[in-house]
Each structure stands twice: as structure tokens, then as C-alpha cells.
Ligand SMILES: [Zn+2]
Ligand SMILES: [Zn+2]
């Protein structure tokens, strides 16, 4: 990998599942490797109630790590008042910066669509109650997401994480004013539509992420993904958008800090 230590802004991995489930042997090394590569901060999203304790622990250990609480659409059938209560309790923690990841995944349908919709509404209400942005996971459900968002006109803020839409999707979603975060998928040679979409997102709404341990970018595709690889995503965005990796890193860092209210460590 190229050396990016010369880039003053550093970069933020806006979505990294750096948890023991995936990094049991070398979690600490992976985190230290990220900071050594000039990743300045990272956000560890929630996926269920059981993950909260470990995420809190990590944010207490590392100043640069922030977290979100949320129920992944794959696990949406677990949504309940009891879980909502646990999320509310966790929201007292000062390093919880968002609700998510939550959303709709009609590609895998690991939970019933109706359960996914109910869990998303429940989490939107939490986001409104606690004035937090949403980290939205959406796969093959853009029209359904739009229908739900339209029930909260002008009230929502957040990011479409690991964006997989095409240029038309970018246009359709523009009115919501959300940020759009690109993962390693945008580096895959066959992801032509997504690459076109990446050229259209306004610079002040762009973010990058790894979504590690999944979806390692070219040229480390197939390996376990980790936050230091977020630079490969930034390099690809720079190439697609005809700009420099420094520009992309600076914009994405600024955007991520703005949405999640993170301090600028510089
Ligand atoms: Zn996701
Ligand atoms: Zn994720």
C-alpha cells in the first residue's frame, strides 16, 4: 500500500466492525495498524443488543473509536420494547454517535420484510428522540426506504452506508440530503454502475468505509478486510472523480465529523 502519512487530514473509516467476533486473535494489532496508516478515527456500528457491551469497552479503551447502537436488518425479527430499552440505556454513553446500522435488506431477507420495516421505524423514532443521525443499510430496497423516509419529511439525517446503488438511485435519494459512503465494492472491476454513481455524489456528502471484515477492496480482495484498507477506497474515488486522494480524504473526514459530531484531532 502507498504511504498516506503525508495527508494532513488523515482519513476516517466511517463503518468498521472491529469486534472480537471477526478479529479474535489480533484486534489490537488491527486497530494500531489503522492508526499507523493515518486513519484518524473510526466508527464501529452496532448490529444487535449483545454487541453493545464490547463496543462501549472499545470506545473507552481508544479515544479515536466511536460507536453506534442499532439492529441490523438481518436480525430485525429481534426488535422489541426490551431491546429498545437497552438501546436507550446505551445512548447515555457519550461516544454513541448514531443509530445503526439499521435499514432494509431485501436481497438476503434474513428477517421478514415486515419485521425489517417495523425495526426501522422503531430505530428512526430513537434517532429523532435522541437527535442522532442514522446509519442506513439498504440492499435491493431503495423504493421502500424512500417510502419510509417520506413519512418523516425533513426530519432525518444520516448516511447510506456501503452504497450499492446506481446513478438513478443517487438522483432519487438526493432530496433526503443524506451522506453516501462507499466501501471496497466500488473498487471491483465489474462494479461499473456503482462507479458511475460514485462520480455523482456531491463532494460535501461523500464518505468512505471498509465495512470490515467484509468486502476487502482491490488489490487485497478476498483477504479479511481491516480499517487501514480504507485508503484503497479513497484512492479509487480519487481516480473516478479526477481528483487526489488528499482531497478525497480531507472531504470525507470533514463530512464524517460533521454528521457524527466528532472532534477534529488535528
Ligand atoms: Zn451494512
Ligand atoms: Zn456493517
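For segment 128-151, the condition holds for at least one residue, the condition being that it is more than 12 Å from ligand 1 (Cβ to nearest atom), under 23 Å from residue 13 (Cα atoms) and out of contact with any strand residue (DSSP E or B) (no Cβ under 9 Å at 6 or more places or on another chain).
Quick check, is residue 138 assigned to a strand (DSSP E or B), in contact with a helix residue (DSSP H, G or I) (Cβ under 9 Å, 6 or more places away or on another chain) and surrounded by 23 or more Cβ atoms within 10 Å (Cβ to Cβ)? Judged against the criteria, residue 138 is a match. Inspect all residues belonging to segment 12-26 and state whether any of them is in contact (Cβ under 8 Å) with a residue 12 or more places away in the chain, assigned to a strand (DSSP E or B) and surrounded by 12 or more Cβ atoms within 10 Å (Cβ to Cβ). Checked against the condition, which is being in contact (Cβ under 8 Å) with a residue 12 or more places away in the chain, assigned to a strand (DSSP E or B) and surrounded by 12 or more Cβ atoms within 10 Å (Cβ to Cβ), segment 12-26 yields at least one hit. The test for being within 16 Å of ligand 2 (Cβ to nearest atom), over 19 Å from residue 213 (Cα atoms), out of contact with any strand residue (DSSP E or B) (no Cβ under 7 Å at 6 or more places or on another chain) and modelled with pLDDT of 95 or more holds for residue 76. When residue 205 is tested against the conditions (1) more than 16 Å from ligand 2 (Cβ to nearest atom); (2) farther than 16 Å from residue 2 by Cβ; (3) out of contact with any strand residue (DSSP E or B) (no Cβ under 6 Å at 6 or more places or on another chain), the lone failure is (3).
Looking only at segment 100-110, decide whether some residue is away from ligand 2 (no atom under 15 Å from the Cβ) and more than 19 Å from residue 45 (Cβ to Cβ). The answer is yes; a qualifying residue exists.
The values are calculated or read from the model by the stated rules, or taken from the named source; none is laboratory data. Values in this document were obtained by computation on a predicted structure and should not be read as measured data. Using ideal geometry, Cβ is built from the backbone for each residue, glycine included, and neighbour counts are taken over all protein chains shown.
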